Amino acid sequence: MNAIAPQAEGEIADVIAEAHAHATPLALVGNETKSNAMLRPVQAAATLTLRHHTGISLYAPKELIIAARAGTPLAEIEAAVAAEGQQIIAEPPDLSALLGSAGQQTLGGIVACNLSGPRRITAGAMRDHVIGVRAVNGAGEVIHSGGRVLKNVTGLDLCKLLSGSYGTLAALTEITLKVLPASEAVGTVVLAGLDAERGVAALAAALGSPFGVSGAAWLPREAAARVPELAAFDAAVTLVRIEDFIPSVAYRTERLRAEWAGFGAAAILEDAPSRALWRAVRDTVPLGHASGDAIWRVSVAPSAGPRIVAAVARLGGNCFLDWGGGLVWVAAPARAESHAAITHAARASRGVWWLMRAPDALRASLDVVPQEASALARITRRVKEAFDPQGILNPGRLFAGL
Amino acid sequence: MIELPPPKPETLAARPRLIAGLRALVPEDGVIAEALCLKPYETDGLAAYRQVPLAVVLPETTEQVAAVLRFCQENGVRVVPRGAGTSLSGGALPLADAVVVGLMRMNRILDINYADRYAVVQAGVTNIGITDAVRERGFFYAPDPSSQLACMIGGNVNMNSGGAHCLKYGVTANNLLGLRIVTIAGEILDIGGTHLDAAGYDWLGLLTGSEGQLAIVTEITVRILRGPEGARAMLAAFRANEVAGACVDAIIASGIIPVALEFMDRPAIHACEAFAHAGYPLDAEAMLIIEVEGSVAEQDDMLGRIRAICERFDPISLKVSQSAEESAAIWKGRKGAFGAVGRISPDYLCMDGTIPTSRLPEVLRRIGEMSESYGLKVANIFHAGDGNLHPLIMFDANDPASFHRAEAFGADILKLCVEVGGCLTGEHGVGVEKRDLMPVQFNARELDQQRRIKSAFDPDWLLNTAKVFPLKPDIAHAA
């Protein structure tokens, strides 16, 4: 397959305009850390990679914004903001170990997939902090939406529509993010030995407290064993995180321990182990998986998380819960029967799923995300045509025939 | 004045038949057609514009909304959605040939779930009504626009409303989980749900702030949050706008994100003090109201840090509240700002641009120069943390020349906001007010891209026609 790797936005636009003129399908990728594993495989005549369209174009720490071209490695942006004591709010995960990929994921890739870490429960998703985009639509036209200010309701919000559209509507070329100060300290309160049901009830109690929890996860015993900071508990663990100034972390973790008295005696983990363990949760380190396993990501109301856990247990798969119980990471044998069981459980709880990793043949044959109701599917098709009239951008990535 | 499209003669001619048809779709008193009864619907919070609609329909269920929209599409009738009618951008301004679909009878709270921290409410529930319903358990709904006692959540969704506390808690879009919407074809669709991330395209994000261009929202699943242990405000007054702006930068740079960070300029301080007697320093050029949250000890710690930062900027006065009552007194003037300006001027326009915060001193200086040249007074209120600027332009509506000058002044301010890297509207929406300024911010290609999305939902352009998008696609670049 041809790989085209332009450096400038104008060249990206030219490539797409040319493909539009000839109705040539293009696979849009960054550093391919996710595109060879996630969702449906794309059949395309050529690959357009944005990995050479790089560089931070604007960083104004006092205004809490950073803008960079889509091919910029996320790690470069994280380092730049960390140098000013700031952070990317949604705490995006690095799934390269999970997805079996090498190389550094790009800003464009993480935004196009709208992937967020544990802080999502309280601080919003990646898409919530995308305040401006530049993009090339499927006709090769450069468009922008949003800008460099934190509050902006001018016109339709294409920043959110294009975030999480997996390169099927437009090629994101430049993204402006809101950032925030990194907290001075991190602390974790841990309850050992609760099952999923009790664990999620404890997480709900913590999230319903006034103490500003910024992470809420439940790990079964074998998942906790994969995280060095938690292995000593030798049990399922229920975790909440506080990120704040040093005195507040001390105060709030103590108050949460008291809040949890009815669930058992909780332990408090200090700053360094807390940072390490939440990074592990972010990157799905707790999820045990064999090479023949497929990976799913399931989003449900938090109280439904334990029902997904039960369904996965019946399959003999592995899982853990983040987002207070509302995000379930699942690994199970890569078979259509596993998919049927997991998606049935998600649907029964009014939730949704993404097939994150599976052999090509399997992910080409399954609903990698839920099918939309027919009236909504018609709108999806018309909006796709509104951006990409020839259907050349990542065809089939989300839905077969789209 | 803003141009409105000519009414469709065939719609006006069919009025009796259309009204009879609508009467068959909703309860008996749910169609308003008498001239006197239509009068209250002729305008919204942008009262300079008025137009009596063809009729008003007040459905009570999503199914009735669907039947009304299907009927309107079949008959080629334009539709204007309306909540409480508090829009400051003319988002609910009727057209002479349009049916206003008012959601105020859909005012029930359908479900509250504390374990999963959401509430399902109908579009006609007021913003404060959600918080009132969950307050007993210590929860609240975070976005708090100034009109929160009256404005309805359906309107908040359509305008992506903000408020004084969105620096910490985000705007409407950041606090939603799901929507039930009705398309112009009368299809009822559920978007999102009770989970955080939704699959497929981000319809929730696209519909939020879409100003009634894409669909009518009838039910909303909002996130509810547990409130903090407490909150307290402080007031800091400075000798110059530049100094107050630098102080804001220093607070943010220290790693503190206060829950609110409000800036008032000298005319705003004077107007509010005369109205509310809040004890604001009249010798200051600029004043900040800063609010923090947490336990009493945490508040003390945070206010102590902020106070130390403020002291580096030679403040005229610093007042740290010691109680909820003192905090309320500090907020009293700010919250009464619109009434205060209304007291010193017969009428005012409330503008709503956003600017990069670093450009504030320059922008305020240039607004001051424009104020001189237009001969109209202006007071500035600014959400300093997020750059959202609200100049209040004072004029006399009984003097048409004064109103036209005020409109031109407002347009110049918004063009200035875009010129320095900001945008036309931070939280009030484009509506009819800023429609013709859209080419200042978007080129023709970009507007066409947005128009095609509108067409994907509403192929005949019946929903809230003549708002948001300039009437003529080939309108010259206004900048």
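The values are calculated or read from the model by the stated rules, or taken from the named source; none is laboratory data. Just so it is clear, the structure is predicted and the values come from calculations on it, not from any experiment. Using ideal geometry, Cβ is built from the backbone for each residue, glycine included, and neighbour counts are taken over all protein chains shown.
Residues in segment B:181-195 that are assigned to a strand (DSSP E or B), touching a helix residue (DSSP H, G or I) at 6+ places or on another chain (Cβ under 6 Å) and hydrophobic (A, V, I, L, M, F, W, C): B:182, B:188, B:189, B:191. Condition check for residue A:312 on (1) of a type in the set (Val, Ile, Thr); (2) away from chain B (no Cβ under 14 Å); (3) in contact with a Leu (Cβ under 8 Å, 6 or more places away or on another chain): one failure, at (3). Only one entry in B:393, B:381, B:367 is modelled with pLDDT of 95 or more and in contact with a Pro (Cβ under 9 Å, 6 or more places away or on another chain), namely B:367. Among the residues of segment A:102-122, those identified as surrounded by fewer than 24 Cβ atoms within 10 Å (Cβ to Cβ) and away from chain B (no Cβ under 12 Å) are A:102, A:103, A:104. Can you spot a residue in segment A:285-295 that is within 14 Å of chain B (Cβ to nearest Cβ), more than 16 Å from residue A:354 (Cα to Cα) and surrounded by fewer than 22 Cβ atoms within 10 Å (Cβ to Cβ)? No, that holds for no residue.
Okay, residues lined up against (1) farther than 19 Å from residue A:192 by Cα; (2) in contact (Cβ under 8 Å) with a residue 60 or more places away in the chain; (3) not basic (Lys, Arg):
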site	(1), (2), (3)
A:246	yes, yes, yes
A:253	no, yes, yes
A:261	no, no, yes
A:274	no, yes, yes
A:278	no, yes, yes
A:302	yes, yes, yes
A:306	no, yes, yes
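Just one residue in the set B:387, B:422, B:429, B:410 is in contact with a Ser or Thr (Cβ under 8 Å, 6 or more places away or on another chain), over 30 Å from residue A:386 (Cα atoms) and among the small types (Gly, Ala, Ser); that residue is B:387. Filtering segment A:133-165 to residues that are more than 7 Å from every other protein chain (Cβ to nearest Cβ), surrounded by fewer than 24 Cβ atoms within 10 Å (Cβ to Cβ) and in contact (Cβ under 8 Å) with a residue 40 or more places away in the chain leaves A:134, A:139, A:140, A:142.
Of the residues B:96, B:115, only one is at pLDDT 95 or above and farther than 13 Å from residue B:51 by Cβ; which? Exactly one of B:96, B:115 is at pLDDT 95 or above and farther than 13 Å from residue B:51 by Cβ, namely B:115. The C-beta contact set for segment B:254-272 (first residue on the phi > 0 side of the Ramachandran plot and within 14 Å of chain A (Cβ to nearest Cβ), second residue part of a loop (DSSP other than H, G, I, E, B) and among the aliphatic types (A, V, I, L, M), distance under 8 angstrom, 6+ apart or interchain) comprises B:255/A:182. Residues of segment A:65-77 include none that is more than 13 Å from chain B (Cβ to nearest Cβ) and within 16 Å of residue A:356 (Cα to Cα).
Note on segment A:358-390: residues that are surrounded by fewer than 23 Cβ atoms within 10 Å (Cβ to Cβ) and either among the hydroxyl-bearing types (Ser, Thr, Tyr) or over 21 Å from residue B:456 (Cβ atoms) (or both) total 11.
For segment B:388-416, what are the residues that are under 18 Å from residue B:337 (Cβ atoms) and not β-branched (Val, Ile, Thr)? Reasoning before the result, please.
Of segment B:388-416, the ones under 18 Å from residue B:337 (Cβ atoms) are B:388-395, B:406, B:410, B:413.
Hits for segment B:388-416 are B:388, B:389, B:390, B:391, B:392, B:394, B:395, B:406, B:410.
Give B:223, B:239 a once-over and let me know the one that is in contact with a strand residue (DSSP E or B) (Cβ under 7 Å, 6 or more places away or on another chain) and more than 8 Å from chain A (Cβ to nearest Cβ). Even if it seems obvious, please write down each step before you answer.
Working: B:239 fails: in contact with a strand residue (DSSP E or B) (Cβ under 7 Å, 6 or more places away or on another chain).
Just a single option satisfies the conditions, and that option is B:223.
Restricting attention to segment B:250-290, the residues being closer than 19 Å to residue B:391 by Cβ and not aliphatic (A, V, I, L, M) number 11.
On the stretch given as segment B:364-411, residues that are aliphatic (A, V, I, L, M), touching a helix residue (DSSP H, G or I) at 6+ places or on another chain (Cβ under 6 Å) and either under 12 Å from residue B:263 (Cβ atoms) or assigned to a strand (DSSP E or B) (or both) total 7. Across segment B:108-133, the qualifying residues are those that are assigned to a strand (DSSP E or B) and away from chain A (no Cβ under 14 Å), and the one among them that is farthest from residue B:192 (Cα to Cα) is B:126. When segment B:256-287 is filtered for residues that are charged (D, E, K, R) and more than 22 Å from the chain's Cα centre (by Cα), the ones remaining, listed by number, are B:266, B:273, B:283, B:285.
Counting only helices (runs of 4 or more DSSP H) that fall entirely inside segment B:2-107 and contain at least 3 residues that are in contact (Cβ under 8 Å) with a residue 40 or more places away in the chain, the qualifying elements are B:9-13, B:15-23, B:62-74.
Could you tell me whether segment A:138-160 includes any residue that is over 24 Å from residue A:25 (Cβ atoms) and assigned to a helix (DSSP H, G or I)?
Keep residues of segment A:138-160 that are over 24 Å from residue A:25 (Cβ atoms), which gives A:144-157, A:159-160.
After this cut, where a residue has to be assigned to a helix (DSSP H, G or I) as well, the list is A:159-160.
The answer is yes; a qualifying residue exists.
If the condition is being part of a helix (DSSP H, G or I), farther than 22 Å from residue A:383 by Cα and of a type in the set (D, E, K, R), then segment B:430-459 contributes B:435, B:436. Looking only at segment B:309-324, which residues are of a type outside the set (Val, Ile, Thr), at pLDDT 90 or above and part of a helix (DSSP H, G or I)? Residues satisfying the conditions are B:310, B:311. Beta carbons closer than 9 Å, at least 6 apart along the sequence or on distinct chains, pair a first residue in segment B:417-441 that is within 20 Å of residue B:366 (Cα to Cα) and within 7 Å of chain A (Cβ to nearest Cβ) with a second that is surrounded by fewer than 24 Cβ atoms within 10 Å (Cβ to Cβ) and hydrophobic (A, V, I, L, M, F, W, C) for B:422/B:416; B:424/B:418; B:424/B:437; B:424/B:438; B:424/B:440; B:441/B:418; B:441/B:479.
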